[in-house]
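Engineer: One structure is given below, represented as structure tokens, and several questions about it will come after.
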Amino acid sequence: MAPTLYDEKPEPGDLIEIFRGSYQHWAVYVGDGFVIHLAPPSEVPGAGANSMMSVLAEKAMVKKEELWDVVGTNKWKISNVLDKKYEPRPVLVIVREARALVGTELPYCVFRGNCEHFANELRYGKAESRQVRKAEEMVMVAGAATLLGLGVVALAGVLFGSSKTKDKNTQ
């Protein structure tokens with residue numbers, strides 16, 4: 001069996017976060033050892049670097065598979081982390097809607113419609129991805145740091161450049 005981070009057993013409607021190295025894959029537990037998840041073509045356990053090709057995928061399939069087949073050798077945990085932010089929908093609704101989507105091909109976008117968006121949409125009715133939000137925040141911080149750095153350089157140029165001009169004018 002694949003290692004879990006906690007000795008908890010998932011309940012229907014729970015979100016399962018699977019740690020694939022550089023990213024997390026998400027699924028919804030529907031009971032009897034099965035999960036339903038949005039799987040781009042490259043999403044297979046142990047895909048490693050190949051899974052990064054999912055960034056290029058435009059379509060993904062909703063699949064119902066055994067939890068252990070999806071997890072593979074990766075670590076995983078129950079991750080209903082948005083329960084503090086949103087009220088989970090009734091378990092029967094989550095499971096019914098998840099099952100109704102099995103076999104459906106959906107548009108896939110790593111930034112606007114990935115497996116985490118899919119799982120959160122089912123549990124909370126909100127398509128949200130913390131992974132994408134964190135990446136966007138990192139880009140914004142890097143951009144702000146770059147602008148700040150350019151601002152400092154520009155300010156230094158103005159301050160030190162203007163003193164050279166004054167020196168030339170006084171000679």
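Engineer: Run down Ala98, Ala135 and say which single residue is in a helix (DSSP H, G or I), modelled with pLDDT of 80 or more and of a type outside the set (Ser, Thr, Tyr).
Structural biologist: Details: Ala135 fails: modelled with pLDDT of 80 or more.
Sole residue among the options that is in a helix (DSSP H, G or I), modelled with pLDDT of 80 or more and of a type outside the set (Ser, Thr, Tyr): Ala98.
Let's see how each residue does on (1) assigned to a strand (DSSP E or B); (2) at pLDDT below 95; (3) of a type in the set (Asp, Glu):
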site	(1), (2), (3)
Glu11	no, no, yes
Ser22	no, yes, no
Val44	no, yes, no
Ser51	no, yes, no
Pro88	no, no, no
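The values are calculated or read from the model by the stated rules, or taken from the named source; none is laboratory data. The structure displayed is predicted, hence computed values, not measured ones.
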